[in-house]
Amino acid sequence: MRRFERYVLDEIIPAFLGALAVVILLFLLVALQEVLAPLLAKGANPLLVGKLLALNIPWAISQALPLGLMFATLLGLSRLASDSEIKGAQAGGIPIMRLMWPVLTLALGVAALSFAIGEGVTPRTRVAEQTVQRQIIFDNPRVIGLGTRDAQGRNLVLTDSLGRAISVGELAADGTMRDLRIVTMQVGQPPREVITARSGKLSGNVLTLQDGERITYQSARPITVLTFRSGTLPVQDVQANFDQNASASGSLKPIDLPLKTLLERTNAYRLQKVAAPAEFTALHRKFSEPLAAIALTFFAVSLAVYTFRSSINLGFTWAILLAFAYYATWSVFRIMGEQGALPPALAAYAPDTIAVLAGALLLWLANRR
């Protein structure tokens, strides 16, 4: 790498690391305010809450990488322009477009890192997060509102790795669960089995049930109905979820699933012609969100070139506003995709496409000057 390229990266990388730390902190503060602070207020174990916060860090990093790089690129190149260093480079015979290549190379590495974290680390931490949530709940049942229920008549949903969703009507102080409904799920199909019980208690990997009924289904039609006074149900890796926006099964959000699992699920939905906009949007987001690092960096460099040739000073405030504008655009398109208002691919890639088109327009305007 030549001296000029190294000089540009030396200007951007420190700002990138600083911006990355700030954005990660903002994401964690949002999580602290919305979920963790209420848990602490209800008496949750601070050590478990701290562990829950730590498990959110990989997700925060993967989300912060593209925004942090755009922010740092805008600040770094703006500083070079304001100090006339870009003008000096031009006077020395260095084309201004050479600003783009070192930064885009960095963006390619950031995109790869964001994908690796989002695919290789985040799904594991999300599963571990649910385990910690379960520990918090059974350590102090008051954190879920002891004796209260939500609009669906439940206040806790547990899941296990065998595909069961365990809906709990009430959790007593001694850990006894009342009004249980245990549904064995099938991807893209009706439940295979439904068990209801008046009460139950979880001990290790065994759920002991009292006064219940077991119904098995085939093609959504009941084929066996059994009642019991007492019984045990083996479970495996029981999880819990505090997320009020999670599915009724309490399972991971589609975006938090490993890519292989998400592909299998969407392929099954596609074969059965099942409309699942959240899953298909999440599949495209697996790629569009890391690629945002390249799209946003291209836009940032194009904007820096345009402002330099227009003698406009792009400062800290503009960098914050542009980062916020991208995040707001991403949020709107994501929600519209998950609700089926837009095709999943359009919803996922629209923010990146807008950034690239805006950058191309700025380069065209700059070359006309």
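Each reported figure results from applying straightforward, stated rules to the coordinates on display, with no laboratory input. No experiment lies behind these values; they were computed from the predicted model shown. Note that each Cβ is placed from the backbone with ideal geometry, even for glycine, and that neighbours are counted across all protein chains shown.
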Original post:
In nanometres, what is the gap between the two model label sites at ILE320 and ALA128, each 7 Å from Cα along Cα-to-Cβ?
Top reply: 3.4 nm
Subject >> Label zone at LEU361, where the point sits 7 Å out along the Cα-to-Cβ direction: segment 324-353 residues whose backbone N lies under 16 Å >> reply: 325-326, 329, 350-353
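Under the 0.36 nm per residue contour assumption, what length would be gained going from the current alpha-carbon distance of ALA268 and ARG6 to full extension?
Numbers: separation 262, 0.36 × 262 = 94.32 nm, distance 4.84 nm.
Going from the current span to full extension adds 89.5 nm.
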Subject >> Two-site label geometry, LYS260 and LYS42: point separation in nm, points 7 Å out along Cα→Cβ >> reply: 3.6 nm
**OP:** Over 23 Å between C-alpha atoms is what I'm after, so list which of LYS42/LYS253; LYS253/LYS273; LYS51/LYS253; LYS51/LYS286 land there.
**Re:** LYS42/LYS253; LYS51/LYS286
Original post:
Cα atoms only, segment 1-78: Rg and Dmax in Å?
Top reply: 16.9, 58
**OP:** Tabulate in residue order the Karplus-calculated ³J(HN,Hα) for segment 64-74, using 6.51 cos²θ - 1.76 cosθ + 1.60 with θ = phi - 60°, rounded to whole Hz; enter x for Gly and Pro.
**Re:** 7, 4, x, 5, x, 5, 4, 4, 5, 5, 4
